[in-house]
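S.K.: A single structure is presented below for examination.
Coordinate-derived values only; no laboratory data. If you're wondering where the values come from, they're calculated on a predicted model, not measured in any experiment. Positions of Cβ are generated from backbone atoms using ideal geometry, with glycine treated the same way; all protein chains shown enter the neighbour counts.
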Amino acid sequence: MGGLLCVLTSWAVAQDEGFAWIADGRPNQEAHQAVSILLGAAADGLEPDDYGAGGLEQALAEAEALDAAGQRALEAALTRAMTRYLADLHGGRVDLRVIQPGQRFERDNGFAPAEVLQAALAAGRLPEAVREAAPAQPDYPGLRRALGWYRELAEDPLRGGLWQTPLAPLPGRKLEPGQAWAGVGDLARRLVALGDLPATARLASRYEGEVVAGLRAFQARHGLAADGVIGRETVAQLEVSPAHRMRQIVLGLERLRWTPRLRAPRSIVVNVPEFMLRAYTLERGAATLALQMRVIVGKALDTRTPLFAEDMRFIEFSPYWNVPPSIAQAELVPKLQRSPGYLARQGFEFVDGGGHVYTTLAPDRLNAVLRGQLRIRQRPGPKNALGDIKFVFPNDDNIYLHHTPSPGLFARQRRDFSHGCIRVEAPVALAGFVLAGMPGWDEARIREAMARRSSNTLRLREPLRVVIAYNTVGVAPDGRVLFHPDIYGHDAALDAALRRGARAAAP
């Protein structure tokens, strides 16, 4: 008992840190609820050991044998554990800005875990307060369920054991439907375990029929072309174990704790690794998906799209493209030096600090661009890099949403091609969502403004929140769990930080 009391005392910094968890020498209902909540922290992707859940369970069982000082120490320890748990559940365990300096999400500073805990105990509604502390993100409940499902799969010795041995090698570089393959049976069993293939599916020695359909379903959930062809990338995804997917979902839940809450009546969220944009309406605190479309984001190697949240305030129809100095100096000037006719063909022009425009090419003007004394912009028109519409939410990185003169790129499975800005697949539909409620802006007028080739800026009557987020796991409306490539390596950095932080911060 002395060792347990020592541990409790080390957790309790001061007597007044504890709330009333013990009455008449016995733990009350709220104390048992709190320990149960801490023991179940893994359901939300948290670590029960971070809160000393096992030790608190033992201490609660022996609480009646503790003296008054021991019981006060137990109360203080339980208070500190629950306060930390609520803080982690609501706002995350690590500061993502430390491991991703380009991310500029601000914490929800209105959440005070100690006050939330005190109010919940006073009202006798601790479980309800815990549920309300969880991130109010559309994907959060679905990902929480997915974590439990993948945990059951990983811990099942029969189903989880299907990943202990690699699949048989393919007979060639890729496997087409109709071909024979020694790995068909193992593939089918994995697809059944993952829910992509019915358990009643008929098997054959060849890769055909229902197994091909199941493989297509798997590909669609994992960011692959759903063509039924098994190649290197599909094999790599098939070999990812349920335990690894569990960890990926844990990282996804952690990211949602940092993603700004959808509070405005209308919001736009771009998920970078999924290459998708979704628009939401918010009514009575519930977010409803109103629109979604494919997007193109920044290149993984050198022009990554930063992560932040800002308010959209303007739409520019038939916009000029003001070429960023870095792009002008590193890419455009060398191209113009090699091919002077590119300036006129693409509609570029030079602009000085006083707003004077020069449409002819001269070596001194290129040198002035290199010195930062002139800038280059592209006139509105069919070749303009921004297309015919630009959605502006002022930010330090000059990132915005825009159309593109190269819509064929949206057919690609992986779409990180831009210099950082985000190209949208359906600009007319997005403009319709943004301008909803502004009289006169129907589809016909939007299209007319886009086709005018005369730049015009429209201020929005009400700003819309735009969130540029990053999550490699999500949930489809039908409940399917979707996995996306970690194109910027952010998951690996977050995983390492969580593992370091969990070891350092455990009581």
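S.K.: Short version: ³J(HN,Hα) in whole Hz for each residue of the stretch 359-366, in order, from phi by Karplus 6.51 cos²θ - 1.76 cosθ + 1.60 (θ = phi - 60°), x for Gly and Pro, what are they?
M.R.: 9, 10, 8, 8, x, 5, 6, 5
S.K.: How large is ³J(HN,Hα), in whole Hz, for each residue of the stretch 445-461 in order, when computed from phi with the Karplus curve 6.51 cos²θ - 1.76 cosθ + 1.60 and θ = phi - 60°, using x for Gly and Pro?
M.R.: Working through the residues one at a time gives 5, 4, 5, 5, 5, 5, 8, 6, 6, 10, 4, 8, 9, 10, 7, 6, 5 Hz.
S.K.: Here's another thing I want to ask about it. With r defined as the distance between the Cβ atoms of residue 240 and residue 409 and R0 fixed at 25 Å, what FRET efficiency is calculated, to the nearest 0.05?
M.R.: Values: r = 27 Å, r/R0 = 1.09.
Once the sixth-power term is evaluated, E becomes 0.35.
S.K.: About the Cα centre, and with charges only on the beta carbon of Lys, Arg (+1) and Asp, Glu (-1), how big is the dipole of the chain? Nearest 20 debye, please. Write down the numbers at each step before the final one.
M.R.: Details: 61 positive and 56 negative charges, 511 e Å.
For the chain, the charge dipole is close to 2460 debye.
S.K.: HN-Hα J couplings of the stretch 30-35 from phi, Karplus 6.51/-1.76/1.60, θ = phi - 60°, integer Hz, Gly and Pro as x?
M.R.: Calculated HN-Hα couplings, in order: 5, 5, 5, 4, 4, 5 Hz.
S.K.: What distance in nm separates the simple spin-label points at residue 200 and residue 145, each placed 7 Å from Cα in the Cβ direction?
M.R.: With each label point 7 Å from Cα toward Cβ, the separation is 2.3 nm.
S.K.: According to a simple spin-label model (label point 7 Å from Cα along Cα-to-Cβ), what is the distance in nm between residue 65 and residue 358?
M.R.: Distance between the two pseudo-spin positions: 8.9 nm.
S.K.: Let me ask something else about it. Measuring from label point to label point, each 7 Å out along Cα→Cβ, what is the residue 303 to residue 492 span in nm?
M.R.: 2.4 nm
S.K.: Which label belongs to the value computed from this structure, given these candidates for Cα extents along the principal axes in Å: [x] 94, 50, 36; [y] 90, 64, 45; [z] 95, 56, 43?
M.R.: So the calculated entry is the one marked [y].
S.K.: Any idea which of 142, 130, 178 is furthest toward the positive side of the dipole for the stretch 114-201, if Lys and Arg beta-carbons carry +1 and Asp and Glu beta-carbons -1?
M.R.: Going by the charge dipole, the pick is 178.
S.K.: Using 1/(1 + (r/R0)^6) with R0 = 45 angstrom and r between the beta carbons of residue 165 and residue 417, what's the FRET efficiency to the nearest 0.05?
M.R.: Details: r = 38 Å, r/R0 = 0.85.
Given R0 = 45 Å and the Cβ-Cβ separation, E is 0.75.
S.K.: Hey, what number do you get for the chain at 222 nm if only DSSP H runs of n ≥ 4 count, each worth -39500 (n - 2.57), divided across all residues, to the nearest 500?
M.R.: When only DSSP H runs of four or more count, the value is -11500 deg cm²/dmol.
S.K.: Which length gain, in nm to one decimal place, applies between residue 344 and residue 284 when the Cα-Cα distance is subtracted from 0.36 nm times their residue separation?
M.R.: Full-extension gain reported as 16.3 nm.
S.K.: FRET efficiency for residue 95 and residue 395, Cβ-Cβ distance as r, R0 = 25 Å, nearest 0.05? It would help to have the intermediate numbers written out before the result.
M.R.: Numbers: r = 20 Å, r/R0 = 0.81.
For residue 95 and residue 395, the calculated efficiency is 0.80.
S.K.: In percent, how large is the relative contact order of the chain, given Cα pairs closer than 8 Å and 6 or more residues apart? Please report the intermediate quantities before stating the final value.
M.R.: Numbers: 833 pairs, mean separation 86.5, N = 507.
This gives 17 percent for the chain.
S.K.: Which of the listed residues, 71, 160, 280, is farthest toward the dipole's positive end in the chain, when Lys, Arg count +1 and Asp, Glu count -1 at the beta-carbon?
M.R.: 280
S.K.: Stretched out fully, how many nm does the piece from residue 123 to residue 26 gain, at 0.36 nm a residue minus the Cα gap?
M.R.: Values: separation 97, 0.36 × 97 = 34.92 nm, distance 1.97 nm.
Taking residue 123 through residue 26 to full extension adds about 33.0 nm, to one decimal.
S.K.: Work out, step by step, the length gained on full extension between residue 459 and residue 226: first 0.36 nm times the residue separation, then minus their alpha carbon distance; give nm to one decimal.
M.R.: Values: separation 233, 0.36 × 233 = 83.88 nm, distance 4.12 nm.
Length gained between residue 459 and residue 226: 79.8 nm.
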